[in-house]
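The structure appears right after this line, and notes come after that.
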Amino acid sequence: DYALLYLYAGAKETTLPTEQLQLIEELVKENVKIIAVVSADNTLDLSFEKYCDAVIFTYSTSQNTAKAVLDVIVGAECPSGRLSFDGLVYVDEKPIIKYPFGHGLSYTTFHYYNLEVNEKGVRCTVTNTGNYDAYAVLQLYVTYKNSVGLFAHKSLRGFKKIFVRRNESLKVEIPFDN
């Protein structure tokens with residue numbers, strides 16, 4: 001048996017409310033398996049995730065969110081979303097990035113190959129090697145050599161989301177964003 005928890009953190013909150021964390025603790029004491037559906041709009045302390053069997057992050061929700069989440073949980077849809085911020089956990093009271101910007105999972109697997117880089121962007125071939133038809137989300141990051149400060153870390157310069165059927169291969173071109 002599982003408990004499906006809908007958890008919410010307000011727009012300026014960086015942690016879940018105390019009552020929600022206490023509920024998770026009580027369920028853990030009872031050996032209940034937890035699927036957490038988290039709604040938040042910003043970086044959130046995800047330290048609670050170690051007690052969960054699954055965590056689905058939904059950002060702000062709408063009237064269709066419940067159906068969309070249920071479709072992912074029962075396998076009717078293959079997840080393809082990506083984080084728009086870093087997911088943090090705290091170790092010795094220090095924040096550690098566990099789920100970086102752009103992180104996301106799928107029920108299938110993809111193989112990326114034949115990479116070509118030119119002044120306009122990147123080209124490659126994507127093959128769906130898993131058992132599900134699904135969206136592949138290709139992300140193009142650039143790191144500037146010898147840079148410091150604001151540009152010292154990788155920067156998202158382009159992305160493409162494509163639907164790839166099981167065992168299908170597609171050629172993809174991702175132009176650099178300006």
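Residues of the range 44-74 that are crowded, with 17+ Cβ neighbours inside 10 Å, under 23 Å from Asp1 (Cα atoms) and of a type in the set (D, E, K, R): Glu49 alone. A single member of Arg157, Arg123 is without any contact (Cβ under 8 Å) to a residue 24 or more places away in the chain and either in contact with a Lys or Arg (Cβ under 9 Å, 6 or more places away or on another chain) or open to solvent by less than 70 Å² (accessible area, probe 1.4 Å) (or both), and it is Arg157.
When Val126, Val89, Val137, Val122 are checked against the criterion of being under 29 Å from Tyr8 (Cα atoms), in a strand (DSSP E or B) and in contact with a Leu (Cβ under 6 Å, 6 or more places away or on another chain), Val89 stands alone in meeting it. Every condition in (1) more than 23 Å from Ala76 (Cβ to Cβ); (2) modelled with pLDDT of 95 or more is met by Ala136 except one, and the failing one is (1).
When you check Glu77 against the structure, is it at negative phi and assigned to a helix (DSSP H, G or I), yes or no? Break it down into steps so the answer makes sense when it comes.
Values: at negative phi: yes; assigned to a helix (DSSP H, G or I): no.
For Glu77, the condition - at negative phi and assigned to a helix (DSSP H, G or I) - is not met.
In the range 162-172 there is no residue matching the filter, namely being charged (D, E, K, R), open to solvent by less than 60 Å² (accessible area, probe 1.4 Å), more than 28 Å from Thr15 (Cα to Cα) and without any contact (Cβ under 8 Å) to a residue 40 or more places away in the chain. Filtered by the rule that a residue be in contact with a Gly (Cβ under 6 Å, 6 or more places away or on another chain), in a strand (DSSP E or B) and among the hydrophobic types (A, V, I, L, M, F, W, C), the range 140-178 gives Leu140, Ile174.
Restricting attention to the range 28-53 and to residues that are acidic (Asp, Glu) and without any contact (Cβ under 8 Å) to a residue 40 or more places away in the chain, the residue that is nearest to Asp86 (Cα to Cα) turns out to be Asp41. If you filter the range 39-74 down to residues that are outside any helix (DSSP H, G or I) and among the hydroxyl-bearing types (Ser, Thr, Tyr), you find that the one that is nearest to Gln22 (Cα to Cα) is Ser39. Which residue is surrounded by the most Cβ atoms within 10 Å (Cβ to Cβ), if the candidates are limited to the range 8-34 and must be part of a strand (DSSP E or B) and at pLDDT 95 or above? Here the residue is Ile34. I'd like to know if the range 102-116 contains one or more residues that are aromatic (Phe, Trp, Tyr), closer than 24 Å to Tyr132 by Cβ, open to solvent by 50 Å² or more (accessible area, probe 1.4 Å) and in a strand (DSSP E or B). Yes, there is a match, as at least one residue in the range 102-116 is aromatic (Phe, Trp, Tyr), closer than 24 Å to Tyr132 by Cβ, open to solvent by 50 Å² or more (accessible area, probe 1.4 Å) and in a strand (DSSP E or B).
The values are calculated or read from the model by the stated rules, or taken from the named source; none is laboratory data. Values in this document were obtained by computation on a predicted structure and should not be read as measured data. Methodologically, a virtual Cβ is constructed for each residue, glycine included, from the backbone with ideal geometry; neighbour enumeration extends over all protein chains shown. Accessible surface areas use protein heavy atoms only, side chains included; no ligands, DNA or RNA. Shrake-Rupley method; radii C 1.70, N 1.55, O 1.52, S 1.80 Å.
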